[in-house]
Amino acid sequence: MTLPLHKFLPDRFLGKTGFHATRLGIGDLADRNVPIEQCVATIQRALDAGLNIIDTAPSYEDGYSEQIVGQALQGMGGGRRDGMFVIDKIDHFDQPVAPQIDGSLQRLQLDSIDLFLFHGLSTMEAWQRITATGDGMDQLEKCIQAGKARFRGISSHSPDVLAAAIPSGLCDVVLFPVGPYVDPRYITETIPLARKHNVGILAMKIFGAGKLLSDTQGYHNPLAQRPRNKISSGGTDTNTPTLPHLTVEECLHYTLSHDIDVALLGLSFPNEQDTAFTAAKTFTQNLSEEKLATIRHRALEAIQNKGTCWWNK
């Protein structure tokens, strides 16, 4: 496996946590069709590149992602954990929090992590449930007091939920979509609100679950029906994609042009990492409003007929 092309250095503070983070973070990396040793090596390659924030969840391949992250952080005699900001999720809002956290820590092979997020909390009903007295947030706070985590927050696909959560004082960090195809309120309302309250901002859906980059329904699931090239003069169908696409650079530069702290990227293979690392290194200044508008317009074309986009209703 080749070495990463670049070395990243921390250059953003993650809200009130005080953690000095790299602009890129390691997102979900889990595929049960790929041997765990290969997945671990891919994560360690990102660590070698300097990335110092990593994200996982119990529901990512039914705990496989947590196992991968845990093994990757055990590398170098456990020294990989030092200096890393580790994020995990609480998937079930209607179940006690402590057993879910204990299960995650066991799969991670860690005694504690930095941040637990309530995962995909995207309705006001769910927000009200976890903020009821003695329920989710209170239970998570008890786990923090017990030393199992340091910070708390939510991931969400709802600007309305985020508008309630950010000023509540209950979230140290929030994770939400920021990319060329998202509800514009994430950018015009959620980011400024998080800045006002010094809440850390993690960005997801930068590539639109992959839909902006390739012909997929999301997360590498192929389209059921996809336009094909016409039969060539030689009588063969080259079967190359014909739908509009954005580039990794366009998507990443678009996201980094907004006032986020960390862009979480789910990069499963070294070649994908290198493409993203190169794109990040070529980002030198925020894109102009004209360029941002052009990318948004092209994203509208690239997303068509590729299935539901739950992060942009």
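The values are calculated or read from the model by the stated rules, or taken from the named source; none is laboratory data. A quick note: this is a predicted structure, and the numbers were derived from the prediction, not measured. Neighbour counts run over all protein chains shown; Cβ positions are idealised from the backbone, glycine included.
Residues in the stretch 75-95 that are over 23 Å from Thr42 (Cβ atoms) and either touching a strand residue (DSSP E or B) at 6+ places or on another chain (Cβ under 9 Å) or at pLDDT 95 or above (or both): Ile90, Asp91, His92, Phe93, Gln95. The criterion of being crowded, with 17+ Cβ neighbours inside 10 Å, basic (Lys, Arg) and under 16 Å from the mean Cα position of the chain (by Cα) does not hold for Lys148.
Residues that are at pLDDT 90 or above and touching a strand residue (DSSP E or B) at 6+ places or on another chain (Cβ under 7 Å) number at least 1 in the following strands (runs of 3 or more DSSP E) confined to the stretch 198-306: 200-204, 262-265. When the residues of the stretch 175-197 are filtered to those that are out of contact with any strand residue (DSSP E or B) (no Cβ under 8 Å at 6 or more places or on another chain) and surrounded by 24 or more Cβ atoms within 10 Å (Cβ to Cβ), the one that is nearest to Ile295 (Cα to Cα) is Pro180. Within the stretch 3-44, restricting attention to residues that are charged (D, E, K, R) and outside any loop (DSSP other than H, G, I, E, B), the residue that is surrounded by the fewest Cβ atoms within 10 Å (Cβ to Cβ) is Glu37. Regarding the stretch 45-64, can at least one residue be identified that is within 20 Å of Ala30 (Cβ to Cβ), surrounded by 18 or more Cβ atoms within 10 Å (Cβ to Cβ), modelled with pLDDT under 95 and under 14 Å from the mean Cα position of the chain (by Cα)? Yes, the stretch 45-64 contains at least one residue that is within 20 Å of Ala30 (Cβ to Cβ), surrounded by 18 or more Cβ atoms within 10 Å (Cβ to Cβ), modelled with pLDDT under 95 and under 14 Å from the mean Cα position of the chain (by Cα). Does Val86 satisfy the condition of being out of contact with any helix residue (DSSP H, G or I) (no Cβ under 6 Å at 6 or more places or on another chain), outside any helix (DSSP H, G or I) and more than 20 Å from Ile144 (Cβ to Cβ)? No. Within the stretch 253-279, residues that are farther than 18 Å from Pro10 by Cα and among the aromatic types (Phe, Trp, Tyr) have Cβ atoms under 9 Å from residues that are modelled with pLDDT under 95 and assigned to a loop (DSSP other than H, G, I, E, B) in these pairs: Phe269/Val34, counting only partners at least 6 apart in sequence or on another chain. Cβ separations smaller than 9 Å between residues 6+ apart or across chains give the following pairs from the stretch 56-72 residues that are closer than 14 Å to Ala41 by Cβ to residues that are among the acidic types (Asp, Glu) and crowded, with 21+ Cβ neighbours inside 10 Å: Val69/Asp55; Val69/Asp88.
In contact (Cβ under 8 Å) with a residue 40 or more places away in the chain, farther than 20 Å from His20 by Cβ and among the charged types (D, E, K, R): does that describe Lys211? Considered against the rule, which asks whether it is in contact (Cβ under 8 Å) with a residue 40 or more places away in the chain, farther than 20 Å from His20 by Cβ and among the charged types (D, E, K, R), Lys211 comes out as yes.
Considering each residue of the stretch 284-291 in turn, none proves to be farther than 15 Å from Val178 by Cβ and in contact (Cβ under 8 Å) with a residue 24 or more places away in the chain.
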